[in-house]
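Every number here is computed from the coordinates shown, using simple stated rules; none is lab data. Everything numeric here is computed off the predicted structure, so don't read it as measured data. All Cβ positions, even for glycine, are placed from backbone atoms using ideal geometry, and neighbour counts span all protein chains on display.
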Amino acid sequence: MKLNYLVFFEKFNLLSLDVVTGACAGMCFFADLMKVNLSWKIYLLLALAVWSIYTFDHLLDARKVKGKALSHRHRFHQDHFTLLLGLLFLAVISGFVLALWFLPSLRMFGSGLGLAFLIVLSMAILRIAGKKTAAVKEFSTALFYVAGLVLIPLLNIDLSFSSNYWMFFLGAYFLLAWYNLVFLSYSDSEQDFAEGQESIVTVLGIEKTRKLLWSLTIIGLFYLVVLFLILPSFYHVYTLIWGLMLLMHILSFVEFPGTNNLKTRKRLELAFTLPLLLLFF
């Protein structure tokens with residue numbers, strides 16, 4: 001039974017479904033903050049968009065690797081390249097059609113399409129530039145990730161019922177997303193060096209990346225204290241959830257490499273689903 005669970009989790013992670021779940025939970029976080037009620041259809045569109053972008057990126061990485069990939073993720077995308085490419089094409093077409101059907105206004109459709117274009121353009125520029133811009137890949141990914149979470153809630157916000165306190169969590173969520181991506185690059189650095197993949201670690205080196213993670217840790221803990229001190233008590237539940245997400249990342253970083261990679265990824269996956277706790281309040 002335990003073996004089946006581990007196999008399921010590994011496939012769930014390799015297919016980037018953990019990222020999809022975390023993204024939907026993140027949009028739920030901001031929608032609740034902004035007092036916006038979103039249909040399940042919006043979450044479905046976000047899920048299709050996030051899965052398509054991440055799968056497209058992983059397929060490009062797998063294609064770039066010469067020979068058999070060392071990492072499980074790249075090898076999985078090599079072994080199932082044709083199938084995943086077909087599913088990616090289906091997801092993109094389905095997402096486009098469903099967006100036209102589900103989204104209530106051309107403003108939302110145009111904004112979503114514009115953001116998707118900027119993401120693809122950014123990915124193309126980073127790949128063409130190669131090592132020169134590899135150090136900013138995690139930064140730009142975190143920036144677009146947060147933009148994707150807040151876009152639809154922001155377009156539906158009613159300023160007469162919502163305060164501006166949600167803005168404090170934009171920086172907080174960006175910091176967390178960047179921390180996550182830098183740490184994952186740090187934990188996969190040996191495989192990236194061996195496969196010739198470009199990331200922040202291959203540019204800055206392991207020691208400087210480690211110092212960056214410690215800096216993000218200190219900034220994150222300081223910001224956590226600031227949020228508890230300056231925000232009204234009503235918003236403490238959001239601060240607490242974000243703080244738990246941050247602490248789970250810090251714990252994973254401090255323990256690394258004392259814990260195995262699978263355990264670390266399970267913890268980080270769980271961290272990004274914590275905003276779903278808001279459904280019970």
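Which pairs in the list 66/137; 68/266; 11/211; 66/211; 11/35; 68/208 are over 27 Å apart, alpha-carbon to alpha-carbon?
Correct reply: 11/211; 66/211; 11/35; 68/208.
Would you kindly state how much longer the chain becomes between residue 281 and residue 81 on full extension, computed as 0.36 nm times their sequence separation minus their alpha carbon distance, in nm to one decimal? Mind dumping the intermediate values first?
Details: separation 200, 0.36 × 200 = 72.00 nm, distance 4.21 nm.
Gain on extension, residue 281 to residue 81, equals 67.8 nm.
Just grab the label-to-label distance for residue 237 and residue 118, each label 7 Å out from Cα along the Cβ direction, in nm (one decimal).
It is 3.1 nm.
Which whole-Hz ³J(HN,Hα) couplings does region 274-281 yield from phi under the Karplus relation 6.51 cos²θ - 1.76 cosθ + 1.60, θ = phi - 60°, glycine and proline marked x?
Couplings: 4, x, 5, 4, 4, 5, 9, 9 Hz.
Would you mind computing, in nm to one decimal, how far apart the modelled labels at residue 7 and residue 158 are, each placed 7 Å from Cα along Cα→Cβ?
Placing both labels 7 Å beyond Cα along the Cβ direction yields 5.0 nm.
Using a Förster distance of 41 Å, how high is the FRET efficiency between residue 100 and residue 190, based on the Cβ-Cβ distance and rounded to 0.05?
0.35
As an exercise, use a Förster radius of 30 Å and the Cβ-Cβ distance of residue 89 and residue 139 to find the FRET efficiency, rounded to the nearest 0.05. Kindly include the intermediate steps, with their values, before the conclusion.
Values: r = 29 Å, r/R0 = 0.97.
Efficiency, rounded to the nearest 0.05: 0.55.
Please compute the Kirkwood hydrodynamic radius of region 1-75 from all pairs of different C-alpha atoms, in Å with one decimal. Working shown, then result.
On the way: mean 1/r = 0.0703 Å⁻¹.
By the Kirkwood definition, the hydrodynamic radius is 14.2 Å.
Give the dimensionless ratio obtained when the Cα radius of gyration of the chain is divided by 2.2 N^0.38 Å. Each step should come with its number before you reach the end.
Numbers: Rg = 18.8 Å, N = 281, 2.2 N^0.38 = 18.7 Å.
The reported ratio for this selection is 1.00.
Write down the Å³ per residue value for the convex hull defined by the alpha carbon atoms of region 1-139.
Cα-based convex hull of region 1-139, divided per residue, equals 153 Å³.
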